[in-house]
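One structure is given below, represented as structure tokens, and several questions about it will come after.
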Amino acid sequence: MKIVVIGTGYVGLVQGVCLAELGNEVACVDLDEAKITKLKNGESPIYEPGIEELIKKNLKQERIFFDTSLKKHLKNAEIVFIAVGTPSDGKGKADLKYVTAAAEDIGKNLNHYAIIVNKSTVPIGTGEMVKNTIKKYYKEDFDVVSNPEFLKEGAALDDFFHPDRVVIGVNGSKKAAERIAELYKVLNCPIVVTNLETAEMIKYASNSYLATQISFINSIANICEKVGADVTDVSRGMKLDKRIGERAFLNAGIGYGGSCFPKDVSAMVEIAKESKENFRILEEVEATNKEQRQKFIKKIVDNLGKIQGKRIAVWGIAFKAKTDDIREAPAITIIESLQNLGAEVLAYDPVAEENARRVMPDVIYVSRPQDACKKADALVIVTDWDEFKQVDLKAIASLMKNKYIFDGRNIYDSDEVKKTGFKYYGIGR
Ligand code: UDX
């Protein structure tokens, strides 16, 4: 099918490139000239494992086109995905200015029947807003469908080609939903067809539930520390219950970050308030998540003593492994707190350094993990990159002035670490 994707960010670019890979002809449009130029040269503006090869391959096969102009590509498009950002407006609500602008752009340039698909995570009822916005400019027939994304950064391609499910929401004619379902048929996964509001709710409820699991296990971890239990074994014991499941988000740590969970959880709380319902559980999920970082900082301060003048090595800045995304990353809170207490922070991240420099210019960035540890008083693990899991801790110990490890993601086995002379502090162990 001939498809347009508006927005070439973490969602739009993956959506566009993967639909092209499935054999569709896709135009990806974005206002950002620099991004489009990079993409035309086969370079990806985001770090996502495997994305650059797919961009190059589909450019070569002329299945994907990058452009700043929507008008040109809208002419023969059958499906238009809105995949623009829906950042938080700072008061807990999703800011829909980019979605509205995209809908207006579509309304002003549409000249035939097309299916408009909301891919961005949008508050419940946005589908109707998009429909009414387009109707202001375009009086002919078109349909609006909700098709929320469930892509995890760092695993987005795998999540696209092997989804647990596809959700399609439409109010009125089912034919638009069936047409969108055809797009995904080749993926052989369950397809849920429902109304717009339900599809939008499935997205928020799913992310809210995953975030709830994380704050749940972090609360359990905090109690484990007081009662002498080990939360990593608690988590393993829980996951073996088929009703909880092996892939449950029950890995204790310093809490969730990223551009989705924080934003979606606060938007869900807001939606509840606007519906005159309470969602106290989710408000506690947010509070627990914020507190978890502070508890980790307190653990460092309580055990390291005076922070003033101390040199602290930080491994990992991205909000999770396999991404360069530092939005709402715990590392930012932790590093800035340590610096405010007078610490000199040396930080390493395999791919997020460039993004980190923009936000934290006075951190000393190093290009190898061990370089952060020279004469350091403590090593703080913030992101669970695989490359940190196999390091020779004896060699690391020999570089350091004092031997403390604060493991914010429980990537090490505490007994093993203690054999190398380190004082080891994990989460919930
Ligand atoms: C999430 C959802 O998983 C995805 O379905 C949705 O489309 C977008 O938001 P993402 O934010 O990219 O994906 O990453 P995810 O792997 O979900 O991790 C989110 C945060 O939770 C990270 O900070 C991660 O470190 C943290 N996390 C995850 C935990 O602390 N414990 C866990 O067990 C799992």
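The values are calculated or read from the model by the stated rules, or taken from the named source; none is laboratory data. Treat the numbers as computed from the prediction; the structure is a model and nothing was measured. Every residue, glycine among them, receives a Cβ derived from its backbone with ideal geometry; neighbour counts consider all protein chains shown. In case anyone asks, the SASA skips ligands and DNA or RNA and just uses the protein heavy atoms, side chains included. Shrake-Rupley method; radii C 1.70, N 1.55, O 1.52, S 1.80 Å.
Relative contact order for the chain: what percent, with Cα pairs under 8 Å and sequence separation of 6 or more?
Rounded, it is 11 percent for the chain.
Still on this structure: Determine the per residue accessible area of segment 1-49 with all protein chains present and a 1.4 angstrom probe, expressed in square angstrom.
35
Here's another thing I want to ask about it. If you roll a 1.4 Å probe over the heavy atoms of the protein chains, what accessible area per residue do you get for segment 375-421, in Å²?
47
Right, next: Ignoring ligands, DNA and RNA, what percent of the 1.4 Å accessible area of segment 293-429 is carbon and sulfur?
47
Taking a label point 7 Å from the Cα of E178 along the Cα→Cβ vector, which residues of segment 93-134 have an amide N closer than 20 Å to it?
Flagged as within label range: 113-117.
Give me the net charge of G125's neighbourhood, meaning all other residues with Cβ under 14 Å from the Cβ of G125; Lys, Arg count +1, Asp, Glu -1.
-2
When we measure straight from the Cα of K403, which lysines land under 22 angstrom away, once same-chain ones fewer than 8 places off are left out?
Cα-Cα hits under 22 Å: K295, K298, K299, K306, K310, K374, K375, K389, K394, K418, K419, K423.
Mind giving me the nanometre distance, one decimal, between the label points for K418 and S206, set 7 Å out from Cα along Cα→Cβ?
Distance between the two pseudo-spin positions: 4.2 nm.
Counting only DSSP beta bridges with both residues in the chain, tell me the antiparallel percent, nearest 5.
5
Name the shape class, rounded, prolate or oblate, that the alpha-carbon gyration tensor gives for segment 26-184, where a ≥ b ≥ c are the square roots of its eigenvalues, rounded holds for a/c under 1.5, and otherwise prolate holds if a/b is larger than b/c and oblate otherwise.
rounded
Would you mind calculating the gained length between D141 and T100 on full extension (0.36 nm times residue separation, minus the Cα-Cα distance), in nm to one decimal? Display every interim value, and only then the final one.
On the way: separation 41, 0.36 × 41 = 14.76 nm, distance 1.92 nm.
Taking D141 through T100 to full extension adds about 12.8 nm, to one decimal.
For segment 109-262, with every protein chain kept in place, what is the accessible area per residue (1.4 Å probe, Å²)?
44
Go ahead and set up a Gaussian network model of the chain, Cα springs under 10 Å, then flag whichever of D233, D241, D302 fluctuates most.
D241
Which lysines have a Cα lying under 28 Å from the Cα of K56, excluding residues fewer than 8 positions away in the same chain?
Result set, ordered by chain and number: K2, K35, K38, K40, K71, K72, K75, K119, K152, K185, K320, K322.
Quick check: with the 1.4 Å probe, what order do R357, R280, R243 take by accessible area, largest first?
Values: R357 115, R280 155, R243 210 Å².
Heavy-atom accessible area, descending, gives R243, R280, R357.
HN-Hα J couplings of segment 249-257 from phi, Karplus 6.51/-1.76/1.60, θ = phi - 60°, integer Hz, Gly and Pro as x?
7, 10, 9, 5, x, 9, x, 8, x
Which Rg and Dmax, in Å, describe the Cα atoms of the chain?
23.3, 73
Also: Heavy atoms only, probe 1.4 Å: what % of the accessible area of segment 1-52 goes to carbon and sulfur, would you let me know? Write out the running numbers ahead of the final one.
On the way: 880 of 1790 Å².
The computed percentage sits at 49.
If we count every other residue with Cβ under 10 angstrom of R179's Cβ, Lys/Arg +1 and Asp/Glu -1, where does the sum land?
Details: positive: K174, K175; negative: E78, D143, E178, E182.
So the surrounding residues net to -2.
GNM, the chain, Cα, under 10 Å: largest mean-square fluctuation among A211, A272, A376?
Looking only at A211, A272, A376, the largest GNM fluctuation is found for A272.
Taking 0.36 nm per residue of separation and subtracting the Cα-Cα distance, what length does fully extending E336 through D241 add?
30.3 nm
Could I ask something else about it? Please find the FRET efficiency linking E274 to V192, where r is the Cβ-Cβ separation and R0 is fixed at 30 Å, and quote it to the nearest 0.05.
Once rounded, the FRET efficiency stands at 0.75.
P(r) for segment 14-53: what percent of alpha-carbon pairs falls in each 10 Å bin, starting at zero?
28, 60, 13
With a point put 7 Å past each Cα toward its Cβ, work out how far D362 is from Y113 in nm, to one decimal.
6.3
Right, another one. List the relative contact order of segment 35-145 as a percent without decimals, with contacts defined as Cα pairs under 8 Å and 6+ residues apart.
Relative contact order, segment 35-145: 22 percent.
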